[in-house]
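Presented below is the structure to which this report refers.
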Amino acid sequence: MTASLAASLPPMASATRAVSVASEAIPRVLLIHDDAMWLMHTGRELRERGFLVTECNRPHEVGDLIDEAHPDAVVIDAAVREPAAYVVCQQIRQHPGGEELPVLLLSSDAASELHRLVQDAGVTDFSVGETDAAMLVHRLRQMLWVARLERTLGAGGQHAHPRSPARNGRFVWRTDSGEVRGSDDLFGLIDRRVPDGVADVRWLLDVLSTHERRRLMVSMQRLLRGGQPGRPEVEIHTRSSGQRTVRIEVQQVIALDAQSFEVTGHVHDVSPSSSAEARVYRLTHYDTLTGLPNRAWFVEQLKAGPRRGAQGLGLALLDIDRYHEVLEAFGQDACDRLIVEVAQRLRRLSRSALPQWSQGASRARIAAVAYLGGDEFGLMLEHLAQPDESLEVCRNVLNLLSEPIRLGERELFLNASIGVHAADPAQDDPIGWLGRAELARRAAAALSTERVLRFEPSMSETATDRLMMERDLHYAMERGELSMQMQPKFAASTRTLIGFEALMRWSHRGQMQSPTRFIPIAERNGLIVPMGEWAIDQACAMISALSRAGRSDCRVSVNLSAQQLSDGRLPELIEAALARHGVPAERLEVELTESGLMHDPELALAVLRAIRALGVGLAIDDFGTGYSSLAYLTRLPLTTLKIDRSFVQDAHLSERSRAVASAIVGLALNLRLEVIAEGVETEAQRDALIALGCDHQQGYLFGRAMPMDEAIRFAGSVLTAPVPVQERIVQA
């Protein structure tokens, strides 16, 4: 893709935004000067006063920027040199969409000749002398108010500077070199910018589909073999006007030698209502806020495939981190300004003619930028000599975005996550790049260290595996694939069984899955609520079975998700399960994680009090690893604290782990709570915890999780002092 194409990329989801919101609520201004310092200073002044500003330091590109930024007004400094200010104004008036655009000229020279030239060129207003920021804002707001009034009264056409877009263009084609010389109207007709008026025919043919290109070449070959000059009509696809129909009329064919010819002719636009179609195309394929192409355009380009001759292609998806926090804190207006600022930074980077990357010699570049809606942008990359160059390009994008962004009096610092797919057009379907880049972006967003990741096949395998698990989990209960396994708990000093912890397992395709693998999936898709209901019922069934086996002294604890607290029915579900199995409430204990309780502490407090009122025990699992307030914990109706295994593993070796465990034990004693350590695997750990005052323990030292029927037999065999697991294994 060419640099001009890159600058015109579109975004999609906001193409449906009302134009009035973009043009009136947040006025957009195009600043034109070839002095970068003036642009930077004036742009900052206007942004701080509520304008969305696009800076143009290449006045000859004003047409492209009108297409991209959709300004509500233009400010030109008369000191601009190439081209002169009045020429720039003429170009604006001749550009589709620029006929009625308010144009303000700033001049320090009161020369009447200058004023005559700019008036003839169609300037709306001009300011002579030094113009400070307050005066500039006043003049701009006046111009915008008058323009809105004229539109409201239907008077806009009276002061317009109409100019019909080019309907035909002349060309000269050399068949030996493939060189095409043409008029500005020719290249304007097919929406190609060719500053020197000379282009390669293969590049020009990219506006045609494969079918239309083949049909045109057959017609031309017939002509060069002496056939009659036809008048073929072909469909072309332009960047800003969409689909158009042109007729090619050959006027003269000159034989330069036996193999070379010079073909002269005209190209005519024969599209019906082409200007209306162009407006429709812009509305459906470009974002009204940023002026960038939208998702529809982006996907359309991918479906069309890479342009011929393009090399080292890639695709990147960029997502702004914490965008929704900005939305909640400052509102939609601030988010719109944020999106426009990011769009302008990306556009400037894509327009840069010099390599921006640290390799220096690399030609890797951003070929196009699109706004895909929300907080997401798409980047098309090209000239990647190596796939890893795509990462370097995107890291430079992150560096650019890390510079502070001012929103009025506020200053924000942004982070972003970028996923990249470096593609091989010969072996890859371009429409599939989008999904691969999205997988890489999600992986990058999940990391705290690396914000740019390139797609790897394992990402696709992981995503596919997750989707398959999610689908199968929907049928797990009705297929009988879920089961509960019981891990015993002991009074370690006497080796007496005191109860079990019920742990959910899932037999997925013949393999037993750990809760750490499928519970997060169940929480994302809402299945955790019915699964939690089932787990409560199974725990109560286990308590009843233990009573029948003579172990009415054993309690059973069951793990629940914090999501079940928001269901509102949890206390009555527990009460119903206890009644259904005829078991006393004090034999059941509910375990929730420390961090889970903190998602909505007030709701958790109300639900847990209702559960505790039934007589059911309440335990906090993994205590010490969350972020709860100790003051808040004193308000919870808890009965048990569980020391996380991360502190248990080194309790006999690490002074730090021993201190944490000792503090938790001390807290539990002061709050009159039971304390239990999980993950005890060795006698040394057991003894260290007993010395700290933690006698209730569970872990592989005492027994692994086992099926319910096996757990019932196990409970019957250890009425008094059980033999440690290691010894039972040796004896076996």
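The values are calculated or read from the model by the stated rules, or taken from the named source; none is laboratory data. Small disclaimer: the values here were computed from a predicted structure and weren't measured. Ideal geometry is used to build each Cβ from the backbone, glycine not excepted, and the neighbour counts take in all protein chains shown. These area figures cover heavy atoms from the full protein model, side chains too; ligands, DNA and RNA do not enter into them. Shrake-Rupley method; radii C 1.70, N 1.55, O 1.52, S 1.80 Å.
Between Thr210 and Asn670, full extension at 0.36 nm per residue minus the direct alpha carbon distance yields a gain of 157.6 nm. Estimated from the Cβ-Cβ distance and a Förster radius of 35 angstrom, the FRET efficiency linking Asp709 and Glu683 is about 0.75. Between Asp185 and Asp600, the distance separating the two model label sites (each 7 Å from Cα on the Cα→Cβ line) works out to 6.8 nm. The gain in end-to-end length when the Ala329 to Ala613 segment is fully stretched comes to 98.3 nm, 0.36 nm per residue minus the alpha carbon separation. Computed over the alpha-carbon atoms, the stretch 498-634 gives an Rg to Rh ratio of 0.96, Rh here being the Kirkwood radius from the mean inverse distance. On the accessible surface of the stretch 496-643, probed at 1.4 Å, how many percent belong to carbon and sulfur atoms? Reported share for carbon and sulfur atoms: 51 percent. On the basis of the beta-carbon distance and an R0 of 30 Å, Arg548 and Ser493 show a calculated FRET efficiency of 0.55. With R₀ fixed at 51 Å, the C-beta to C-beta distance from Arg141 to Glu235 puts the FRET efficiency at about 0.70. Taking all protein chains together and rolling a 1.4 Å probe, Val342 ends up with roughly 0 Å² accessible.
The mean accessible area for residues of the stretch 576-615, using a 1.4 Å probe and ignoring ligands and nucleic acids, is 44 Å² per residue. Length gained on full extension, Trp203 to Arg471: 91.7 nm, using 0.36 nm per residue less the C-alpha separation.
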